[in-house]
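Here the structure comes first, spelled out in structure tokens, and everything after it is commentary.
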Amino acid sequence: MSWNKKTIWNLTMALTALKEDILANTTICLLTVVALVLGGQGAYADFTFGTPTNLGPSVNSSLRDSGPCISSDGLSLYFDSKRGGGSGADDIWVTTRETVQDPWGEPVNLGPTVNSSSWDFGPMITANGLELYFGSTRPGGYGAIDGWVTTRASVSEPWGEPVNLGSTVNSSAEDAGIVSADGLSFIISSNRSGGYGGQDLWISTRPSLSDEWSEPVNLGPTVNSSAWDWDAELSADGLWLLFTSQRPGGLGGGELWLTTRETTNDPWSTPMNLGAPVNSSSDDAFAGISVDGSTLYFTSNRPGGQGSYDTWQAPIIPIVDLNNDGIVDATDMCIIVDKWGTDDPLCDIGPMPWGDGIVDVQDLIVLAEHLFEEVPPVE
């Protein structure tokens, strides 16, 4: 069912008036809200992960394909691959589609201007589609691996000659990273000195796109561990930080972990393992998130793939059955109205599946899209 915003708003006002009328006549029936507890089955306060699916032979090959990064319009997927037809040991490729409902097309190598005879990997495209950050072992850097960026004047023009990010961001160690949606934060995976484990996550910032990057700062022991922590992915709203870790508490080798914050000014929370079905007993790494927060892309060598490592995707599903009774109905709408204007995590389900910090019409829109659906209760 698809509802327009005007209809949703009118319904919201009607429900609010109904609630006030009920309260005025003291005939309210208290709603019992089932608390959704963080668990190890991929379920969180207001979202859950669906079953991962392989992107198939049109995207994946018999060799290693990893590091997926989705463009802001959802129509281009960048990744690195060892498949034939490239310039070096590992090249950056892109697959495109006409609409988000269409299948992905045949991957295209970004060519010798971007790729080199060395290892080029971990692509990260900015929200405007004009900058592509990646890691490389090519000559001209400061360490074993450096962060580089290639730019273009418009999305219809070719990528330019890559530029090293410089000695402030890069070091004599291994450094590669991703940039935030606004282009003002650079999350670096590095084994430089001063960290807590084999590889840590660091952050460099800049006041504007024309300014230089600052000296990187370690994200600290809340995020980093004594193990390897690397390959971060920042959600478009800056409230999710996904990364790969070999720390204890998982199901296999490298696994995907998540740390969150309420606002971009708040500290990061203690990381949570994404659990099954996203993580498995195999290696699961290199996460990417669609701008609307609906899809998680990642790399895995789990059974069912096309090669050694493949790109997979899993839906990020908002939990809209707020009272956990197996159906999305008017009772759930009333729960949202009852929490209107608060930051209640149970009802804060939109526009991202993890919410935006306030219960408002955005959350009612998300719920209305699932109205009258029967859903299995969250255990």
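The values are calculated or read from the model by the stated rules, or taken from the named source; none is laboratory data. Just so we're clear, the structure is a prediction, and the values are computed from it rather than from any experiment. Cβ placement follows ideal geometry from the backbone for every residue including glycine, while neighbour counts extend to all protein chains displayed.
With the requirement that a residue be assigned to a loop (DSSP other than H, G, I, E, B) and touching a residue at least 12 places away in the same chain (Cβ under 8 Å), what does segment 208-219 give you?
Ser208, Leu209, Glu212, Trp213, Ser214, Glu215, Pro216, Leu219
Out of segment 117-139, which residues are part of a strand (DSSP E or B) and either over 23 Å from Asp65 (Cα atoms) or polar (S, T, N, Q) (or both)?
Going through segment 117-139, the residues part of a strand (DSSP E or B) turn out to be 119-125, 131-136.
Ser136, the sole residue that qualifies.
Quick check on this structure: which one of Asp284, Asp292, Asp266 is in the same structural domain as Asp237 (by TED's automatic domain parsing) and modelled with pLDDT of 95 or more?
Unique residue meeting the criteria: Asp284.
From Leu251, Leu274, which residue is buried (at least 22 other Cβ atoms within 10 Å of the Cβ) and either of a type in the set (A, V, I, L, M, F, W, C) or more than 13 Å from Phe49 (Cβ to Cβ) (or both)?
Details: Leu251 fails: buried (at least 22 other Cβ atoms within 10 Å of the Cβ).
Matching residue, one of Leu251, Leu274: Leu274.
Against the condition under 30 Å from Val217 (Cα atoms), surrounded by fewer than 17 Cβ atoms within 10 Å (Cβ to Cβ) and modelled with pLDDT under 95, how does Asn164 come out, does it pass? If you could, list the steps in order and put the result at the bottom.
On the way: under 30 Å from Val217 (Cα atoms): yes; surrounded by fewer than 17 Cβ atoms within 10 Å (Cβ to Cβ): yes; modelled with pLDDT under 95: no.
For Asn164, the condition - under 30 Å from Val217 (Cα atoms), surrounded by fewer than 17 Cβ atoms within 10 Å (Cβ to Cβ) and modelled with pLDDT under 95 - is not met.
What number of residues within segment 167-205 satisfy the criterion of being at pLDDT 95 or above and on the phi > 0 side of the Ramachandran plot?
So the answer is 1.
Tell me, please, whether a residue that is within 29 Å of Gly249 (Cβ to Cβ) and without any contact (Cβ under 8 Å) to a residue 24 or more places away in the chain can be found in segment 282-301.
To start, the set of residues in segment 282-301 that are within 29 Å of Gly249 (Cβ to Cβ) comprises 282-290, 293-301.
Checking which are without any contact (Cβ under 8 Å) to a residue 24 or more places away in the chain leaves us with 301.
Yes, segment 282-301 contains a residue that is within 29 Å of Gly249 (Cβ to Cβ) and without any contact (Cβ under 8 Å) to a residue 24 or more places away in the chain.
So is Pro123 touching a residue at least 40 places away in the same chain (Cβ under 8 Å), touching a Cys at 6+ places or on another chain (Cβ under 8 Å), in the same structural domain as Ala276 (by TED's automatic domain parsing) and not acidic (Asp, Glu) or not?
On the way: touching a residue at least 40 places away in the same chain (Cβ under 8 Å): yes; touching a Cys at 6+ places or on another chain (Cβ under 8 Å): yes; in the same structural domain as Ala276 (by TED's automatic domain parsing): yes; not acidic (Asp, Glu): yes.
For Pro123, the condition - touching a residue at least 40 places away in the same chain (Cβ under 8 Å), touching a Cys at 6+ places or on another chain (Cβ under 8 Å), in the same structural domain as Ala276 (by TED's automatic domain parsing) and not acidic (Asp, Glu) - is met.
Out of all the residues in segment 95-137, which are within 21 Å of Asn60 (Cα to Cα), touching a strand residue (DSSP E or B) at 6+ places or on another chain (Cβ under 6 Å) and acidic (Asp, Glu)?
Asp120
Could you tell me how many of the residues in segment 140-184 are part of a loop (DSSP other than H, G, I, E, B) and either among the small types (Gly, Ala, Ser) or not assigned by TED's automatic domain parsing to the domain that holds Ser118 (or both)?
Count: 16.
Against the definition (under 19 Å from Ala285 (Cβ atoms) and not aromatic (Phe, Trp, Tyr)), how does Gly135 come out, yes or no?
Values: under 19 Å from Ala285 (Cβ atoms): yes; not aromatic (Phe, Trp, Tyr): yes.
Yes; evaluated as a whole, the condition is true for this residue.
Is at least one residue of segment 63-76 closer than 24 Å to Val278 by Cβ and over 22 Å from the mean Cα position of the chain (by Cα)?
Within segment 63-76 (the criterion being closer than 24 Å to Val278 by Cβ and over 22 Å from the mean Cα position of the chain (by Cα)), the answer is yes, since at least one residue qualifies.
Might you check whether a residue that is within 30 Å of Pro123 (Cβ to Cβ), outside any loop (DSSP other than H, G, I, E, B) and touching a residue at least 24 places away in the same chain (Cβ under 8 Å) occurs anywhere in segment 351-363?
Of the residues in segment 351-363, the ones within 30 Å of Pro123 (Cβ to Cβ) are 351-356.
From the residues that got through so far, the ones that are outside any loop (DSSP other than H, G, I, E, B) too are none.
No, segment 351-363 contains no residue that is within 30 Å of Pro123 (Cβ to Cβ), outside any loop (DSSP other than H, G, I, E, B) and touching a residue at least 24 places away in the same chain (Cβ under 8 Å).
Note down all Cβ pairs under 6 Å where the first residue falls in segment 145-174 and is farther than 18 Å from Ser117 by Cα, the second is in a loop (DSSP other than H, G, I, E, B) and of a type in the set (Lys, Arg), and they're at least six residues apart or on different chains.
Ser171/Arg192; Ala173/Arg192
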